[in-house]
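Here is the structure we will look at, set down as structure tokens.
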Amino acid sequence: MAFIIDHEILRKYIPQEGETEITLPEGIHMIDKYAFINCRNLYSVRIPEGVTNIGQGAFQNCENLLFIRLPQSLERISIEVFSGCTSIGEITIPENVPSVHDGTFLNCINLRSAVLPRKLDKLGDRAFYGCEKLKKIKMPETMNYFGRQSFSRCQSLTSIVIPEGIHRLESGTFYSCAELHFVIIPHSMQNIGGGAFPEMTVLHFHIQNQLFSIPYDSIYRGRTIDALCQPEQPEHTKIIIQDFIRQNDAANLEKFLQCGFVQDDRIDAFIRFAIEQQKYESQVVLMDYKHQHIGFQSKNWDL
């Protein structure tokens, strides 16, 4: 392996024939911008402790990069660092990183899982744009800003809980997220920008004691307004609840039920579905909800 290092800054990696796995040398504190750009041979990179800053586009277009270990010392990830890393499947961002900057994971089409720091406060423009395999992501409560198109074209994203502290969704935040059906809006929300949500789906919102403006171009033929004003839409409720059961996403299933979308004996059908799918955590959530809000009557659930 060959590196150009100057004053504890890794300026450039020079690819060597047949080299696919590398561990960066100790003693560096920064990876310079574009240091690994277009290194299509790499599939594993280990960054040592002591590195605090990764510069713009440092790993841009490393198409075969599957694994990268980020050090706990890391404090800044600049814009477009992993953009075009089309093979990377999961990433854990260290706790000292306060922001995910513009285009950090742009078009990481196979990214399935991203663990965000508990104190993260900002997602930049197009931070996760085009992450087609990303199904769900937990937003820390410290979040106060989503950039434009930050989750646009995340076509597998099914649900999102927007943290308290977010006052506005910028234009195109969740545009073209075709599988997004469930959104929890916080009390703090004041405005939703144009095209923030998908056009070709019906969304369910949970909104408590809050009014805010929704421009016409953020909805599709008024359907979002219908979802806001008339949350009881049985055909869509069924799809959403079954999705949560299949994923055994008990936490979001419980939150969705608390929105009040199910108030009748359909709960029994969902309990039976959870049993058939062998999703027992979801089954417990459904049965507890029935007991508390609908009235529990014993049934023979043996199949």
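Observations, loosely collected:
- The set of residues in region 36-59 being farther than 18 Å from V97 by Cβ and part of a loop (DSSP other than H, G, I, E, B) consists of F36, I37, N38, C39, R40, N41, L42, Y43.
- Within region 16-35, the set of residues being in a strand (DSSP E or B) and under 18 Å from E80 (Cα atoms) comprises M30, I31.
- Residue that is touching a strand residue (DSSP E or B) at 6+ places or on another chain (Cβ under 9 Å), surrounded by fewer than 18 Cβ atoms within 10 Å (Cβ to Cβ), under 24 Å from C177 (Cα atoms) and not hydrophobic (A, V, I, L, M, F, W, C), where the choices are T23, T92: T92
- Residues located in region 139-171, provided they are closer than 20 Å to I241 by Cα, buried (at least 16 other Cβ atoms within 10 Å of the Cβ) and without any contact (Cβ under 8 Å) to a residue 40 or more places away in the chain: Q155, L157, I160, I162
- Among the residues listed as P186, P163, the single one being over 29 Å from C62 (Cβ atoms), part of a loop (DSSP other than H, G, I, E, B), at pLDDT 85 or above and in contact with a Pro (Cβ under 7 Å, 6 or more places away or on another chain): P163
- Of the residues K122, K136, the single one that is over 20 Å from I192 (Cα atoms) and surrounded by fewer than 20 Cβ atoms within 10 Å (Cβ to Cβ) is K136.
- Of the residues making up region 31-81, those that are of a type in the set (V, I, T) and touching a strand residue (DSSP E or B) at 6+ places or on another chain (Cβ under 8 Å) are I31, V45, I47, V51, T52, I54, I68, I77, V81.
- Filter pass, E17 being touching a Pro at 6+ places or on another chain (Cβ under 6 Å) and farther than 24 Å from R126 by Cα: no
- Condition check for L10: in a loop (DSSP other than H, G, I, E, B) and crowded, with 18+ Cβ neighbours inside 10 Å: no
- Selection status of I88, touching a Leu at 6+ places or on another chain (Cβ under 7 Å) and farther than 18 Å from A127 by Cβ: no
The values are calculated or read from the model by the stated rules, or taken from the named source; none is laboratory data. All values derive from a computational prediction rather than experimental measurement. Backbone-built Cβ (ideal geometry, glycine too); neighbour counts: all protein chains shown.
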